[in-house]
């Protein structure tokens, strides 16, 4: 082997050694999920089948309406968007409450339950809603236990989302500066989709202004809005944005690092999720 070939082999070996190898994360346990978490989720549920979605029991009238729609040849499906504030104690127990826009109806309920984190960092959660229904979720931990990807596995549910660590206490002045804003969803009665992306400025005193690019039913428009944001002591948040012709209300929760807010639209007749992310 000549010197040139030998040098090339040494160089390739050094490069390969410098490339990190992919490997599975192991060693997770219940203690990795310890503290306050927000769970944002969305999807399409089937109220005729599912007794509960996202920690919220399906109202009997909604279930009966969905069953009638199916009997008449319709889908009976319900667009869904929600957010829950959960406390996981590190030993497998859950407490908290959930808020959901289920087929355009805003519902809230306390929840309790249990969870288990496996060594391969997969996880399962069982949440009991206020009617005593047990709702089951499968998940995968990411970000060293600061977040998890979750999916409700019960028949007729069809919602998925993210579990993200949040702070234990907050105040309105904690959020100030400029954030990226994104939301998307639909008007339930007409199944009309809408979405927006833009910049929201928060002054730390509860005031908000936005400049957005919006699509509604396939039509683009630029828009500006003003509004208010209130951060509650438990780090939940209420955001209202108004233009000359309409207003939109959101309910959400502030992330642990105060750089992100997970939201869901709380107005009747809508199902939309939203995110604020600091610039």
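Quick notes on this one:
- In the range 166-180, of all residues being over 12 Å from residue 259 (Cβ atoms) and crowded, with 18+ Cβ neighbours inside 10 Å, the one that is farthest from the chain's Cα centre (by Cα) corresponds to 172.
- Residues in the range 120-134 that are assigned to a loop (DSSP other than H, G, I, E, B) and touching a residue at least 40 places away in the same chain (Cβ under 8 Å) were compared, and the one that is nearest to residue 84 (Cα to Cα) is 129.
- A single entry from 91, 84, 116, 66 fulfils the requirement of being surrounded by 16 or more Cβ atoms within 10 Å (Cβ to Cβ) and either at pLDDT 95 or above or assigned to a loop (DSSP other than H, G, I, E, B) (or both): 84.
- Counted residues, the range 189-239 - those being within 25 Å of residue 168 (Cα to Cα) and in a strand (DSSP E or B): 14
- Some residue of the range 20-27 being under 24 Å from the mean Cα position of the chain (by Cα), at pLDDT below 95 and not in a helix (DSSP H, G or I): yes
- Residue, surrounded by the fewest Cβ atoms within 10 Å (Cβ to Cβ), within the range 199-226, restricted to residues that are over 23 Å from the mean Cα position of the chain (by Cα) and within 13 Å of residue 246 (Cβ to Cβ): 221
- Any chance residue 199 is more than 19 Å from residue 43 (Cα to Cα) and touching a residue at least 60 places away in the same chain (Cβ under 8 Å): yes
- Any hit, the range 135-142, residues being in contact (Cβ under 8 Å) with a residue 60 or more places away in the chain, in the same structural domain as residue 88 (by TED's automatic domain parsing) and either within 17 Å of the chain's Cα centre (by Cα) or over 18 Å from residue 258 (Cα atoms) (or both): yes
The values are calculated or read from the model by the stated rules, or taken from the named source; none is laboratory data. Keep in mind that this is a model prediction, so the values were computed, not measured. Positions of Cβ are backbone-derived with ideal geometry, glycine not excepted, and every protein chain shown enters the neighbour counts.
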